[in-house]
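Quick one: structure below, then a few questions.
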Amino acid sequence: MAALISLPFQLTHDRQIGAERGGERWQLNIQPVLPFDLGPKWNLISRTILPVVRLDGVPPGAAGQSGIGDTVQSVFFSPKAPTAGGWIWGAGPVFLLPTGSDDLLSVNKWGAGPTGVALKQEGAWTYGLLANHIWSFAGSGKQDVTRPSCSPSSATRRRPRGRDDDRRPDGGHRRRHALLGRRARRRSADGDSAW
């Protein structure tokens, strides 16, 4: 989390939404994560969620709407070094920005609240929890916003495609090339041909 720039995308599809349960929504969240150095011990991590939304049948009988939804901007202050137990954490504010391109895609409210994240990496696995709570404080929307969110997650890293090196029991090396399913031959340390 600390020094990693990432650009994840999340696609969700909801069916049977709206007053008569006949609508559906496709939503693509574009979620850039950018770290900024705050000195030898701290980073500031920016995480933006920009939703691109397609609504059909909401409200019932309405034509479909497509556009940008409201933006959620989180800012985490995070120590550069993990805890003694290996946890990486961050905390800070989260903001709701009424950037929706259509009234049906926006709550038309400004909001703010606290956010926090905790992650742990063990081998190829990363797991953790991201939580926040947003309360509205201004805007023309009809209803106030109180939006809690808690997202557990886990992910695994895979070896890069293309090649990886393994040490053979006899001290030689074995190299596999996955490109187009072909394998390349390589000479081991003792001169034997090996895969």
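Read-outs: derived from the displayed coordinates by stated rules, not from any lab. Here the structure is a predicted model, which is why all the values come from computation and not from measurement. Glycine also receives a Cβ, built like all others from the backbone with ideal geometry; neighbour counts cover every protein chain displayed.
Beta carbons within 10 angstrom, averaged per residue: use that to sort the peptides 119-126, 67-74, highest first.
67-74, 119-126
Starting from the amide H of ASN43, placed 1.01 Å from N in the peptide plane, find each other amide H under 5 Å away whose residue is 5 or more places distant or on another chain.
LEU38, SER78, LYS80
One quarter of the convex hull surface, Cα atoms only: what value does that give for the range 9-156 in nm²?
Mean orientational projected area (the range 9-156, Cα hull): 10.0 nm².
So how much slack lies between ILE30 and LEU7, counting 0.36 nm per residue of separation and subtracting their Cα-Cα distance, in nm?
7.6 nm
Right, here's the next one. So, by mean Cβ neighbours within 10 angstrom, what's the order for 107-115, 41-49 with the highest one leading?
On the way: 107-115: 19.2, 41-49: 16.2.
Ranking, from highest mean packing down: 107-115, 41-49.
Hey, another quick one. Could you give me the ³J(HN,Hα) list for the range 81-96, computed from phi with Karplus coefficients 6.51, -1.76, 1.60 and θ = phi - 60°, whole Hz, x at Gly and Pro?
Result, rounded to whole Hz: 9, x, 5, 4, x, x, 7, 10, 9, x, 8, x, x, 10, 10, 9.
Which residues does a label at ASP14 reach in the range 69-91, if reach means a backbone N under 11 Å from a point 7 Å past the Cα toward the Cβ?
No residue qualifies, since no backbone N sits under 11 Å from the label point.
Taking 0.36 nm per residue of separation and subtracting the Cα-Cα distance, what length does fully extending ALA138 through SER154 add?
2.2 nm
Extension gain ALA81-GLN121, at 0.36 nm per residue separation less the Cα-Cα distance, in nm?
13.1 nm
Give or take rounding to whole Å, what are the principal axis extents of the alpha carbon atoms in the range 1-80, in descending order?
The principal-axis extents, from largest down, are 57, 17, 17 Å.
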